[in-house]
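Beneath this line is the structure, given in structure tokens, with notes to follow.
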Amino acid sequence: MNKSNLKNQDSNQRIVILIPCYNEALTIKKVINDFQRELPEADIYVYDNNSTDDTYEIAQNEGAIVKKEPRQGKGNVIRQMFFDIEADYYLMADGDDTYPAENCHELLAALREGKADMVIGDRLSNGTYFNENKRAFHDFGNNLVKNSINRLYQANIKDVMTGYRGFNRVFVKSFPVMSSGFQIETEFTIHALDKRFKLVEIPIDYRDRPEGSESKLDTFSDGAKVLLTIMKMFKDYKPLLFFSMFSFVFFLFGLIFGIPVINEFVRTGFITKVPSSILATGLMIFALLLLITGLILDTVVTNGKKEYELNLHRLYEKNNQKENL
């Protein structure tokens, strides 16, 4: 395909900016204006999530396509956006002006060149997040989540919880949104790694919220929800490893209580430690049941992945046909 055809193809591709919002009246005007300046050809969607300030009216006055999402939570907003909006490329940013619109060209280029199905705006690599964000335990939480996922999938993702991301159409239309809140960022990353989508991380500068703008994140409650999400997705995506770990723990306890009983039987031919023998037997049976559960669920998950791959193949074919028209 020659350069003129590539240029025409790019001009026919629809780009959208997704901005989920809750009480961002102080910053939403600047965020919309910045993206209008950087990507004048893109449609900007602002989904207002029950704001009690003037976020909806300000976004509407600035020329964004504004809708209301009554179900509280960022995950619910993203879910509805993915249902409603048809595009070739999607860029997602928060409405708090912490992510620079200028980086949108780099994110978009990685998608257009086919290097990524999901591109991540990495706040952490260049140190700007740690310099700007002084909230207690946020660094610890980011590192805990990042390291957990990287070890689980043998990956090297630098920033798991960034809200600045880009997606192609195939990723968006094949992504099942299961989280209702801020866990959605973690879910994006785990899903992409598990389903072998192409990921690219692009370092960006992070700006802390301007004075008067407050974060909607609660360090402890939202952090706990993210960790629970990781545990749940660990169970759902890698059930054999998940249940084998617990099976091994109960097996060890079974040995601890059972070895003295076996030694006694070998030496004397009798068992006097009846409670210990009953406990050891129960622990071993429970360990075996956990292992069998993991094996069964691993088969179910494997079959589910095969079905997902077939559906993904059909979606790719449909998308390629659309691009060739």
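Cβ-Cβ distances below 9 Å connect the following pairs, each with a first residue in the stretch 41-54 that is more than 10 Å from Ile28 (Cβ to Cβ), a second residue that is among the small types (Gly, Ala, Ser) and open to solvent by 20 Å² or more (accessible area, probe 1.4 Å), and a separation of six or more residues or different chains: Glu41/Ser11; Ile44/Gly63.
What single numbered condition from (1) outside any loop (DSSP other than H, G, I, E, B); (2) under 22 Å from Val200 (Cβ atoms) fails to hold for Lys30? It fails just one condition, (2). Scanning the stretch 224-257 for residues that are farther than 24 Å from Thr302 by Cα and in contact with a helix residue (DSSP H, G or I) (Cβ under 6 Å, 6 or more places away or on another chain) turns up Val226, Phe250, Phe251, Phe253, Gly254, Phe257.
As for the stretch 95-102, it holds at least one residue that is more than 25 Å from Lys195 (Cβ to Cβ), surrounded by fewer than 21 Cβ atoms within 10 Å (Cβ to Cβ) and touching a residue at least 60 places away in the same chain (Cβ under 8 Å). Looking across the stretch 274-294, just one residue is hydroxyl-bearing (Ser, Thr, Tyr) and within 23 Å of Pro239 (Cβ to Cβ), and that is Thr293.
Just so you know, in the stretch 139-162 the residues that are part of a helix (DSSP H, G or I) and among the small types (Gly, Ala, Ser) include one that is surrounded by the most Cβ atoms within 10 Å (Cβ to Cβ), and it is Gly141. Which residues, taken from the stretch 226-248, are surrounded by fewer than 17 Cβ atoms within 10 Å (Cβ to Cβ), farther than 21 Å from His191 by Cβ and touching a residue at least 12 places away in the same chain (Cβ under 8 Å)? Matches in the stretch 226-248: Phe246, Phe248. If you go through the stretch 38-67 and pick out every residue that is among the charged types (D, E, K, R) and either in a loop (DSSP other than H, G, I, E, B) or touching a helix residue (DSSP H, G or I) at 6+ places or on another chain (Cβ under 7 Å) (or both), you end up with 6. Can you name the residue in the stretch 163-206 that is surrounded by fewer than 22 Cβ atoms within 10 Å (Cβ to Cβ) and of a type in the set (Ser, Thr, Tyr) and, of all such residues, is nearest to the chain's Cα centre (by Cα)? Among them, the one singled out is Ser180. Just to verify a result, which residue in the stretch 272-320, among those that are assigned to a helix (DSSP H, G or I) and among the hydroxyl-bearing types (Ser, Thr, Tyr), is nearest to Phe243 (Cα to Cα)? In this case the residue turns out to be Thr293.
The values are calculated or read from the model by the stated rules, or taken from the named source; none is laboratory data. In this text the structure is predicted, and so the values were computed from the model without any measurement. Note: ideal-geometry Cβ built from the backbone for every residue, glycine included; neighbour counts use all protein chains shown. These accessible areas exclude ligands, DNA and RNA; they are computed on the full protein's heavy atoms, side chains included. Shrake-Rupley method; radii C 1.70, N 1.55, O 1.52, S 1.80 Å.
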